[in-house]
Amino acid sequence: MTTPPNPVKELPHKAGWIDRRQALACVLPLLAGHAPAHAQTELSDLARIRASGVLKVAVYKDNAPLSGGPANDMQGLDVALAQALARQLNLSLSLLPFDAGENMNDDLRNMVWRGHYLGYGPADVMLQVPVDKYLMQKNRQVMVLAPYMRQSLVLMHDTRKLADVSAPEDLKGMALAAERGAGAASALMGYGGGLLRTQVGIFSTGVEAAQAVVDGRAVAAYVTRAQAESVLFRNAPRRDDYGLSRLVLSGVPDNGWPVGMAIKSEHKELGQALEMALQALRNSGELLAIFKQQGMTLTAP
């Protein structure tokens, strides 16, 4: 290992030696020149962010209706929430859109506590993280906090063709839709040993699956409530022609799952500030307004 240079030994002098007062007089200006760098490392997590003036928020790419669109003009619920949180903290917003990894553990590593091997991240906070004890136990480097919504799966159906659904067997013979790679698709196709498998059309996203119902290409779609509500809000000619029913399938949480934010586990000041900002948005009614603007229902986490 290379030994760092000693500023006292390397100072120029005439007689080959200098007394202590002379050494300090020369060294202190050098140390002062390095003070900003040292001070920067000593700042708390929140103070560092405030000093930068920017809150960096990680959101998923291509995750409509929560976050999607071109990087310079992303739209969706999580984007609107990120903007509101930054305003509450008197900071500018910098979005860090990212592609989903193999699993949530990868996403937390890449966007919260270490950064991606391609060079982007980590962010100050990541949105759309399940508030799950098992997930937190596996990822001790992060803290999941401030739940702001509850995700759940629903069966969006055309009530003119399927008035009511009380059991999966009611779907026999119906054209169904689901999102590729989603747990909803696996649960639907696996029910009853594959009872409905041949009826399920697979779409790239849950929004596309829900849109297939509006377009008449499917009778029902098994998607998240957020996906269904956003499609009905924007694209359905008559909202009353469609229903959102609960469908109980193996492996699907009965009451959905709460969703919050993730930060580095040691960034407790930032965590407190985010929780206070979210509570302020709730109290003022702005959080409810954000959900309404997206055509979604604000449900208790």
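The values are calculated or read from the model by the stated rules, or taken from the named source; none is laboratory data. Note that this is a predicted model, so its numbers are computed, not measured. With ideal geometry, Cβ positions are generated from the backbone for all residues, glycine too; neighbour counts draw on all protein chains shown.
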Worksheet item: Could you count how many residues in region 213-263 are over 22 Å from L77 (Cα atoms) and assigned to a helix (DSSP H, G or I)?
Response: 3
Worksheet item: Which one of M104, M126 is surrounded by 21 or more Cβ atoms within 10 Å (Cβ to Cβ) and either within 30 Å of K172 (Cα to Cα) or touching a residue at least 12 places away in the same chain (Cβ under 8 Å) (or both)?
Response: M126
Worksheet item: Would you pick out the residues in region 65-97 that are under 19 Å from R180 (Cα atoms), buried (at least 20 other Cβ atoms within 10 Å of the Cβ) and either touching a Lys or Arg at 6+ places or on another chain (Cβ under 6 Å) or of a type in the set (G, A, S) (or both)?
Response: S67
Item to complete: Only residues that are of a type in the set (V, I, T) and either in contact with a Pro (Cβ under 7 Å, 6 or more places away or on another chain) or more than 16 Å from N63 (Cα to Cα) (or both): list them for region 217-248, please.
Response: V219, V248
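Quick check on region 265-300: of everything there that is of a type outside the set (D, E, K, R) and in contact with an Asp or Glu (Cβ under 6 Å, 6 or more places away or on another chain), which residue is surrounded by the fewest Cβ atoms within 10 Å (Cβ to Cβ)?
Top of the filtered list is G295.
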Worksheet item: Mind checking which residues of region 140-176 are without any contact (Cβ under 8 Å) to a residue 60 or more places away in the chain and within 30 Å of A277 (Cα to Cα)?
Response: none
Item to complete: For A262, state whether it is surrounded by 20 or more Cβ atoms within 10 Å (Cβ to Cβ), farther than 30 Å from G194 by Cα, outside the structural domain of L162 (by TED's automatic domain parsing) and not basic (K, R).
Response: yes
Worksheet item: Which of the residues that make up region 45-64 are surrounded by fewer than 19 Cβ atoms within 10 Å (Cβ to Cβ) and closer than 17 Å to V129 by Cβ?
Response: K61
